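Beneath this line is the structure, given in structure tokens, with notes to follow.
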């Protein structure tokens, strides 16, 4: 089944499915697999240490796919300059970029006039309206079900998505809690024109940087297997619940600020879990949708199954009679 929306036409992709930025995990191998399967794969720029490393990843993906791909810029969570990394995307004529974690204005201004399509992740209606005013081509709306960094309110994807759809004229992408064809069709029924998935793409064979125990933690997740950390410093984010996140929450109860937390919420702690499988000394991002993930498949199998299930949902809808 083909689903054509303004998003698929904007990005020139077959299916309205976007792979999330996935810090320390979204590189050319995974991104190319998603793009080759008909979605939009993305490279995570700010997890790379230099413009040269980013340029190398971009050139790798160009060699692995002829389809559109994107580069994600998490501009507010790494505390370092990003402009030189954006320049690489301009020089390499990257077709799509997405901006998360901060005010997108400077990045949008930089790429304006270069033919790059722009997506901005938002967690509130006003943020979506502002992104549209600043010239974003589409917004991705993340609800509190999502993994990784979220908005400061607890509003869910299925409430926030239609509200944003009603307030902006550009395409809206639903993100958070979506892993399958039912989620895709539900998002479309709310007025979204595509979906972004993060956690689901971790549990794929092409996500080669994710340790098997990290993937297994996702497969074994239950209803209470994720927790939101970093609320106390105004940067809430959802992770797999373990002894490390329990330590984080205990420290947060003391309300001693960032300095008391930085060792526990660092990129190094994140990488110990996701790269080394050290669940006693690190953490891994994951959304509530983990409970709906039951296997580690190839990206192609995943997207094929999503579209097959979407078709089944459509056939049910066709059967409804007045």
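Figures for the structure shown
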{"item": "Residue in region 277-290 that is in a helix (DSSP H, G or I) and out of contact with any strand residue (DSSP E or B) (no Cβ under 9 Å at 6 or more places or on another chain) present", "result": "no"}
{"item": "Matching residues in region 250-268 - criterion: being assigned to a loop (DSSP other than H, G, I, E, B) and exposed (fewer than 15 other Cβ atoms within 10 Å of the Cβ)", "result": "254, 255, 256, 257, 262, 263, 266"}
{"item": "Residue 198 surrounded by fewer than 20 Cβ atoms within 10 Å (Cβ to Cβ) and in contact (Cβ under 8 Å) with a residue 12 or more places away in the chain", "result": "no"}
{"item": "Filter result for the condition that a residue is in contact (Cβ under 8 Å) with a residue 24 or more places away in the chain, farther than 27 Å from residue 157 by Cβ, part of a helix (DSSP H, G or I) and out of contact with any helix residue (DSSP H, G or I) (no Cβ under 9 Å at 6 or more places or on another chain), over 271, 247", "result": "271"}
{"item": "Selection from region 50-105 of residues that are assigned to a helix (DSSP H, G or I) and farther than 20 Å from residue 30 by Cβ", "result": "51, 52, 83, 84, 86, 87, 90, 91, 105"}
{"item": "Residue in region 39-54 that is surrounded by the most Cβ atoms within 10 Å (Cβ to Cβ), counting only those that are under 21 Å from the mean Cα position of the chain (by Cα) and closer than 9 Å to residue 88 by Cβ", "result": "45"}
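To keep it simple, each residue is scored yes or no on (1) surrounded by fewer than 19 Cβ atoms within 10 Å (Cβ to Cβ); (2) farther than 19 Å from residue 96 by Cβ; (3) at pLDDT 95 or above; (4) within 17 Å of the chain's Cα centre (by Cα).
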residue	(1), (2), (3), (4)
115	yes, no, yes, no
123	no, yes, yes, yes
129	yes, yes, yes, no
142	no, no, yes, yes
156	yes, yes, yes, yes
166	yes, yes, yes, no
169	yes, yes, yes, no
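The values are calculated or read from the model by the stated rules, or taken from the named source; none is laboratory data. Given the structure is predicted, the values throughout are model-derived calculations rather than measurements. Every residue, glycine among them, receives a Cβ derived from its backbone with ideal geometry; neighbour counts consider all protein chains shown.
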